[in-house]
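Take a look at the structure set out below.
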Amino acid sequence: MVTALLGAALLGFTATPMPVSANEATLPLGDSDLVETRSSETLAQGVTLTRIVRGTEPAPIDQIGDTPRGPWVVNVLTIDPTQSKGHLAATYGPDLAGVEKTTDLVREADALVGVNASFFTFTASAEYPGDPVGLGIYGGRLLSEPTGDAAEADLVLDAKNHKVLMGQLRWTGSVRNAQTKISLPLEYINHPPVVPDPCTDLPDPTQCADSGDTVRFTPEFAASTPSGPGVEVVLDSKGCVVRTTTTRGTTLAQDQTSLQATGREAADLLAVAQGCVKHSSSLQDEAGKKIPLRPGTFAVNGRYRLVKDGQIVAPSGSDSFFDRHPRTIAGTTLDGKIVLVTIDGRQTTSVGTTMTETASVAAALGMHDAVNLDGGGSTTMSVEGSLVNQPSGNEERPVGDALVYIDRTFDDR
């Protein structure tokens with residue numbers, strides 16, 4: 001367990017833990033008599049890192065899930081846009097479908113600090129583990145659509161104007177033949193399509209009678225598009241057909257995209273994708289307002305709102321997701337500060353929080369709005385590429401993407 005703020009050492013000074021004063025609110029975790037200490041430092045102008053340790057005795061290994069004695073270790077990054085010179089962004093590794101450690105993502109982005117962000121495919125796909133399970137926008141490019149799952153809670157950033165939006169976003173997409181005007185809806189962006197079981201061995205994929213998927217792929221996804229039964233149409237930058245194949249899997253040039261279809265949609269795609277097609281995409285917030293995709297737009301996905309308009313809204317649940325785990329939180333205060341938090345867990349030195357406890361921590365830290373990002377073994381905070389927190393596994397877990405603070409003005413040129 002790290003016992004001092006690593007960021008302080010990086011800046012050449014040490015933050016000394018101090019007991020919370022009588023008039024300062026403590027975290028609403030465990031018994032009221034627990035000792036709580038806090039140590040803070042300034043990482044850059046308008047950027048503060050605070051370490052909170054609540055409880056002093058290690059937890060018995062068999063009581064981590066329910067002990068009221070803790071301990072808890074919480075790292076809180078606060079960014080004040082009115083004072084800071086930099087911006088917050090979302091970033092991923094060499095390609096969208098791969099995974100990389102948060103510490104590496106922070107270094108590669110030349111960022112000051114960062115935390116893990118989106119829920120991602122992880123062990124469900126050995127080939128594409130970093131594929132976001134939900135919304136993903138990077139530098140104004142929509143590379144992954146929201147799932148439509150009621151649990152998804154998205155975080156959208158306007159890096160240029162320091163604005164933050166939270167909520168459940170909705171997306172629709174389609175391709176339309178420029179001459180025939182026939183349209184075909186898209187199910188996904190940059191997600192491997194599902195092949196219906198009865199159609200896996202058909203010599204002609206267009207003869208499949210079961211419903212499949214139609215997906216748009218961009219060069220950012222991976223070194224090549226997913227292979228397998230179905231059809232694929234490669235388009236140039238103007239949407240005109242470059243090549244068509246009755247099997248899937250190809251390498252895209254930087255100015256190309258492709259459309260893949262499985263099931264009976266394979267025949268539909270071949271009928272539509274002739275000559276040139278026009279791609280349309282619409283992303284809307286909860287009020288139905290269109291989200292503009294500019295160079296400074298970034299977004300990641302979370303699971304469940306924790307705080308909305310100052311009120312705790314986190315649901316209770318009976319499955320293990322709601323039990324004590326390491327947690328990563330993103331939120332904003334009423335006066336516009338952006339707050340990123342990691343709570344270590346599944347350890348005798350920090351037991352983690354339930355969903356309800358996580359929401360209470362977010363509210364106690366002054367968040368007027370907050371979402372729960374990916375947690376568990378993914379929970380990581382890094383300053384200048386070095387670990388600040390203690391991940392729950394034996395080593396830092398590679399993740400799909402990260403939220404990073406870059407200490408310079410956003411350049412949209």
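Odds and ends about this structure:
- The mean sequence distance of close C-alpha pairs (under 8 Å, at least 6 residues apart), as a share of the length of segment 304-349, puts its relative contact order at 27 percent.
- Relative contact order computed over the chain (Cα-Cα under 8 Å; 6+ residues apart), in percent: 25 percent
- The HN-Hα couplings worked out from phi for segment 194-208 by the Karplus form 6.51 cos²θ - 1.76 cosθ + 1.60 (θ = phi - 60°) are 8, 9, x, 3, x, 10, 5, 10, 5, x, 10, x, 6, 8, 5 Hz, whole numbers, x standing for Gly and Pro.
- Each part reduced to its alpha carbon centroid, segment 51-106 and segment 172-218 end up 39 Å apart.
- The charge dipole of the chain, taken about the Cα centre with unit charges on the Cβ atoms of Lys, Arg (+1) and Asp, Glu (-1), comes to about 1100 debye, rounded to the nearest 20.
- Each Lys and Arg Cβ is given +1 and each Asp and Glu Cβ -1; about its Cα centre, segment 173-322 then shows a dipole of about 680 debye.
- Spin-label pair D62/T356, simplified geometry with 7 Å Cα→Cβ offset, distance in nm: 2.5 nm
- Here the dipole of segment 108-173 is about 280 debye; that uses its Cα centre as origin and unit charges on the Cβ of Lys and Arg (positive) and Asp and Glu (negative).
- Remark: for residue pairs K160/K337; K238/K290; K181/K289; K85/K308, the C-alpha separation exceeds 18 Å in K238/K290; K181/K289; K85/K308.
- For a modelled paramagnetic label at S280, 7 Å from Cα along Cα-to-Cβ, the residues of segment 147-179 in reach, with backbone nitrogen under 13 Å, are 172-178.
- Residue (of A126, P198, N161) at the positive-pole extreme of segment 78-216, dipole from beta-carbon charges: N161
- Amide H contacts of L43: T48, L49, each under 5 Å away and 5 or more positions distant or on a separate chain (H built 1.01 Å from N in the peptide plane; Pro and chain starts excluded).
- Couplings for segment 51-58, taken from phi via the Karplus curve 6.51 cos²θ - 1.76 cosθ + 1.60 with θ = phi - 60°, read 10, 10, 10, 10, x, 10, 9, x Hz in order; Gly and Pro are left as x.
- Annotation: for a label point projected 7 angstrom from Cα along Cα→Cβ of R170, residues of segment 133-156 with backbone N closer than 17 Å are 135, 145-154.
- The H on the amide N of V99, modeled in the peptide plane, is under 5 Å from the matching H of G130, each at least 5 residues off or on a different chain.
- Overall, the anisotropy analysis places segment 341-394 in the oblate class: the square-rooted eigenvalues a ≥ b ≥ c of its C-alpha gyration tensor yield a/c not less than 1.5, with a/b not exceeding b/c.
- Derived scalar couplings ³J(HN,Hα) [segment 298-304; Karplus, 6.51 cos²θ - 1.76 cosθ + 1.60; whole Hz; x for Gly, Pro]: 9, 7, 9, 9, x, 10, 6
- Accessible area of R107 (1.4 Å probe, protein heavy atoms only, ligands and nucleic acids ignored): about 130 Å².
- Dipole of the chain, positive end: most advanced residue of T67, L29, I137 [Cβ charges, Cα centre]: I137
- Taking the protein heavy atoms of segment 126-223 in the context of the full set of protein chains, the accessible area attributed to carbon and sulfur is 50 percent at 1.4 Å.
- Listed by chain and number, the aspartates and glutamates whose alpha-carbon sits under 20 Å from that of K101, ignoring those within fewer than 8 places in the same chain, are D110, E127, D131, E220, D344, D374, E384, E395, E396, D401.
- Over the chain, DSSP H runs of length four or greater, each weighted -39,500 (n - 2.57), average out per residue to a 222 nm ellipticity of -2000 deg cm²/dmol.
- Shape call, segment 65-136: gyration tensor on alpha carbons, a/c limit 1.5: oblate
The values are calculated or read from the model by the stated rules, or taken from the named source; none is laboratory data. This structure is a prediction, so every number in the text was calculated from the model and none was measured. Note that each Cβ is placed from the backbone with ideal geometry, even for glycine, and that neighbours are counted across all protein chains shown. The protein model used for the area step is the full one, side chains on, heavy atoms only, and it has no ligands, DNA or RNA in it. Shrake-Rupley method; radii C 1.70, N 1.55, O 1.52, S 1.80 Å.
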